[in-house]
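There's a structure below that I have some questions on.
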Amino acid sequence: MKKSTLIIWMVLLFFGPMVGGNDTWSRSKDIPSVSLKAKMGWQYRWGDSPRGEGEQFTWLQGGEKGWNDFHFDQSSSLFNRFLWLRVKLPELPWKDPSIYLPVVYHNLEAYVDGKLLYTYGRLDDSDDYKFEGFRWHIIPLPEDAQEKYIYFRIYSDLNKIGIFENIILGSQSNHILSMIRLDLDRVILACLFIFIGFFQLVMFLSKREQKAYLSFGWFAICMGTYSLCWTQVKELFFPNPILWSHLELGSLYLLPVFFCLFFTHIFGPGYRKIILRLGQIHMLYVTLVFPLSALGVISLRSTLFPFQFFLLLDIGFVLFTVVRKANQGDNEAKIFAAGFTFLAAFGIYDVLSSIGIIFGSYSLSHWGMALFLLSLGFILEKRFLVIHKLLKAYSEELEEKNKNLLCIQQRLKKTNTSYSRFVPWEFLDYLGEESIIDVELGDQVQLEMTTLFSDIRSFTTLSESMTPKENFDFINSYLSRVGPIIRQNHGFIDKYIGDAIMALFAESPENALRTAIEMHQEVKEYNKCRQSIGYLPIDIGVGLHTGWMMLGTVGEKKRMEGTVISDAVNLASRLEGLTKLYGARIIVSEETLNKLPQKDLYPHRFLGQVKVKGKKTSVAIFEVYASDDREKLEAKEKSKALFEEGVQLYHQKNIDSAYKIFQEIHQNFSSDGAIILYLSRCQILQKHGIPEEWDGIEAFDIK
């Protein structure tokens, strides 16, 4: 039957009762199905029918010659591949009459009145016979088929040939309803097993040390898959008998593998590790039979009997081991033994039924699995109660300790907060430490960073007019305004040196330059507040330089501190000192300027080459005047090209030409500190002459 037809019947099955009147479903459901197998008059013939005119089988033309009475309990021949069966159909009171064959182990065809009604698999006497799998069949009958013979043409290469299951005559809807009712418990349990299995696998992912979750999870999934393969309703939705047959054997063969692993994880490997070895043997068996079957060396179905033999041995050894542990006083082993006994008993019943030792057409292993899971539930419940009692005792003990720890934690929190004010967390982060207590003397790391030095102009003169308290209040007021700006731009303050600040920036020199500009803008706002209460305004200078430096701890056993050691740090401090001399607010080195992603966004000009104290080589320095007042900024921007030309002439010892340029700029912009400085230098050189050893580079001894 086509899948679409089966789905239609499923819809009719569930929604038919809502359709009133004389519809097909309501008229058919009240007429019970009958067993065609119990009907007298079955006949059989060995071999295949010859063909007459039009390739029609001659045995379909009726007549009694050659036909023999057939009984379903008689022995089948071992030497024939073809068997013909026929029986006269009784009255067909159903609207949609059909024949239901629960399981057929062979390929077959069905005929009524000489017409082919149904076919399953290939039926020819060739050597390339293909096993089509075990599945049920619903054969629709024409409504006028009553009192006519139905013929079954059967082909197989198995030792037994025939129809061994009951043959039901009734309506298609009744057949599907009976199928669903028969499989409902198995489907529910199979889905439950699979759900439990996946749940155990998820538990294993969170607790990888508990390997029992892994082994039992796969065991439950295999049992659920195996139980689902035994259902008939599965092919309503996915009709592929060969795939289901392979899934059935694959899940069945893996069951003892994962069960033995699970048993080992719970109770150990068993006496002389027999249980563990049995699991390994089954795993070896699986890895052999499936590749050999895929290569066509053996038939997969032929591997079932050896597996069943080993399975009975497994059951015996496991029972022996678990009973032995139970006799030793292991209460969990007793519960496990009770549950496993049901699983083993129902499993043995299925094995003996499948090999024909006992009669049984209904598998019970899924119920055995359900009872086994119930026993495991009791074990887990018992363990939970024991753990609950222990946890309760531990909880009471920990509650008391937590009270003490809470007080200690609060004190530590305050201590850590206090430490973070003295040692920045960024400092610890660069050293790769999580806490101040992890830092040791000599810890160090080398990084490329930008150093920012800032200083309040004329602070000494300013502080002399204030009391000690006013001095500290002033410094703290100023630092509370500019400190957050440094942190907002991803820098951290390494140290305060009186009114001066040393800050470090690891991510980008642009963060440091942006900080310098914003600090000047904040000072402008701060000056408004100071002037409103009668205080004098202040000004600051900022120097920036980028380079490699060593960040670490120095000191001795009883006293140490974090610091930065580098020539780059000293140079940044020297550049801050030059801001007073050049009348600039921000001076940066060439290294810092060239590392800016877009340096043209920040108005700047070349101030010249200088040698600062502690440096043998000259350094190119630049003024960034982005924070200047608008009038000064526009004047410097307008005269930038001419100013830099004058600086270049100065370095080339062309003092007269440089002086003329600086004089021209000074006439239009008399307050430019750098112009005033260069005019003064030119005048001195013009008056006293250029020394022979002078190279145009100014050397400064200021710190």
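The values are calculated or read from the model by the stated rules, or taken from the named source; none is laboratory data. Not measured: the values here are computed from a predicted model. Cβ sites come from the backbone with ideal geometry, for glycine too, and all protein chains shown count toward neighbours. The area values use the complete protein model at the heavy-atom level, side chains included, leaving out ligands, DNA and RNA. Shrake-Rupley method; radii C 1.70, N 1.55, O 1.52, S 1.80 Å.
Listed residues Cys222, Cys229; which is within 15 Å of Arg135 (Cα to Cα), surrounded by 19 or more Cβ atoms within 10 Å (Cβ to Cβ) and without any contact (Cβ under 8 Å) to a residue 60 or more places away in the chain?
Cys229
Of the residues Glu576, Glu644, Glu623, only one is open to solvent by less than 70 Å² (accessible area, probe 1.4 Å) and in a strand (DSSP E or B); which?
After applying the criteria, what remains is Glu623.
Assess whether Gly16 counts as being surrounded by 11 or more Cβ atoms within 10 Å (Cβ to Cβ), at pLDDT below 75 and either under 60 Å from the mean Cα position of the chain (by Cα) or within 29 Å of Met179 (Cα to Cα) (or both).
So Gly16 fits the description; yes.
Has the stretch 310-318 got at least one residue that is without any contact (Cβ under 8 Å) to a residue 12 or more places away in the chain, farther than 19 Å from Gly250 by Cβ and open to solvent by 30 Å² or more (accessible area, probe 1.4 Å)?
Within the stretch 310-318, one or more residues are without any contact (Cβ under 8 Å) to a residue 12 or more places away in the chain, farther than 19 Å from Gly250 by Cβ and open to solvent by 30 Å² or more (accessible area, probe 1.4 Å).
Additional query: Is one or more of the residues making up the stretch 260-269 free of Cβ contacts under 8 Å to residues at least 12 places away in the same chain and under 17 Å from Gly368 (Cα atoms)?
no
Follow-up. Scanning the stretch 64-82 for residues that are touching a strand residue (DSSP E or B) at 6+ places or on another chain (Cβ under 7 Å) and hydrophobic (A, V, I, L, M, F, W, C), which turns out modelled with the highest pLDDT?
Trp67
Continuing with this model, one more query. Can you spot a residue in the stretch 505-520 that is open to solvent by less than 10 Å² (accessible area, probe 1.4 Å), assigned to a strand (DSSP E or B) and within 17 Å of Ile587 (Cβ to Cβ)?
Yes, that holds for at least one residue.
Working only within the stretch 288-307, note down all residues that are buried (at least 17 other Cβ atoms within 10 Å of the Cβ) and among the polar types (S, T, N, Q).
Hits for the stretch 288-307 are Ser293, Thr303.
Among the residues of the stretch 544-563, write down those that are open to solvent by 10 Å² or more (accessible area, probe 1.4 Å) and over 21 Å from Thr617 (Cβ atoms).
If the condition is that a residue be open to solvent by 10 Å² or more (accessible area, probe 1.4 Å) and over 21 Å from Thr617 (Cβ atoms), then Thr553, Val554, Gly555, Glu556, Lys557, Lys558, Arg559, Met560, Glu561, Gly562, Thr563 are the ones that fit.
When the stretch 647-659 is examined, which residues are found to be open to solvent by less than 20 Å² (accessible area, probe 1.4 Å) and of a type outside the set (A, V, I, L, M, F, W, C)?
Tyr650
Report yes if Ser670 is open to solvent by less than 50 Å² (accessible area, probe 1.4 Å), over 17 Å from Gly541 (Cβ atoms), of a type in the set (Ser, Thr, Tyr) and out of contact with any Gly (no Cβ under 8 Å at 6 or more places or on another chain), otherwise no.
The answer is no for Ser670.
Now for a different question. Would you pick out the residues in the stretch 202-234 that are assigned to a helix (DSSP H, G or I), over 17 Å from Phe346 (Cα atoms) and of a type in the set (A, V, I, L, M)?
If the condition is that a residue be assigned to a helix (DSSP H, G or I), over 17 Å from Phe346 (Cα atoms) and of a type in the set (A, V, I, L, M), then Val202, Met203, Leu205, Ala212, Leu214, Ile221 are the ones that fit.
Which of (1) open to solvent by 10 Å² or more (accessible area, probe 1.4 Å); (2) over 23 Å from Asp350 (Cβ atoms); (3) at pLDDT below 85; (4) not small (Gly, Ala, Ser) does Lys148 not meet, given it meets every other one?
The single condition Lys148 does not satisfy is (3).
Additional query: Residues in the stretch 311-340 that are out of contact with any helix residue (DSSP H, G or I) (no Cβ under 7 Å at 6 or more places or on another chain) and either within 17 Å of His366 (Cβ to Cβ) or of a type in the set (Phe, Trp, Tyr) (or both): how many?
Here the count works out to 1.
Within the stretch 235-287, count every residue that is in a helix (DSSP H, G or I) and open to solvent by less than 60 Å² (accessible area, probe 1.4 Å).
Qualifying residue count for the region: 32.
Can you report the number of residues in the stretch 299-336 which are of a type in the set (Gly, Ala, Ser) and within 14 Å of Val286 (Cα to Cα)?
Selection size over the stretch 299-336: 2.
Let me ask something additional. Kindly evaluate Glu525 against the criterion of being open to solvent by less than 60 Å² (accessible area, probe 1.4 Å), of a type in the set (Asp, Glu) and in a helix (DSSP H, G or I).
Against the criterion (open to solvent by less than 60 Å² (accessible area, probe 1.4 Å), of a type in the set (Asp, Glu) and in a helix (DSSP H, G or I)), Glu525 does not qualify.
I would also like to ask the following. Checking Phe606 against (1) touching a helix residue (DSSP H, G or I) at 6+ places or on another chain (Cβ under 6 Å); (2) open to solvent by 10 Å² or more (accessible area, probe 1.4 Å); (3) part of a loop (DSSP other than H, G, I, E, B), which test does it fail?
Phe606 satisfies every listed condition except (3).
Residue-by-condition table, conditions (1) in contact (Cβ under 8 Å) with a residue 12 or more places away in the chain; (2) open to solvent by 10 Å² or more (accessible area, probe 1.4 Å); (3) of a type in the set (Asp, Glu); (4) within 30 Å of Ile139 (Cα to Cα):
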residue: Gln172; (1), (2), (3), (4): yes, yes, no, yes
residue: Leu189; (1), (2), (3), (4): yes, yes, no, yes
residue: Ile194; (1), (2), (3), (4): yes, yes, no, no
residue: Ser206; (1), (2), (3), (4): no, yes, no, no
residue: Glu209; (1), (2), (3), (4): no, yes, yes, no
residue: Leu214; (1), (2), (3), (4): yes, yes, no, no
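Working only within the stretch 455-482, note down all residues that are within 59 Å of the chain's Cα centre (by Cα), in contact (Cβ under 8 Å) with a residue 60 or more places away in the chain and in a helix (DSSP H, G or I).
Within the stretch 455-482, just Tyr478 meets the criteria.
Mind listing just one residue for me: the one in the stretch 83-106 that is surrounded by fewer than 18 Cβ atoms within 10 Å (Cβ to Cβ) and assigned to a strand (DSSP E or B) and, of those, modelled with the highest pLDDT?
Lys88
Given Glu692, Glu637, Glu591, which one is assigned to a helix (DSSP H, G or I), of a type in the set (Asp, Glu) and surrounded by fewer than 17 Cβ atoms within 10 Å (Cβ to Cβ)?
After applying the criteria, what remains is Glu637.
Can you tell which of Lys616, Lys703 is closer than 21 Å to Ile540 by Cα, open to solvent by 70 Å² or more (accessible area, probe 1.4 Å), modelled with pLDDT under 90 and within 60 Å of the chain's Cα centre (by Cα)?
When all the criteria are applied, what remains is Lys703.
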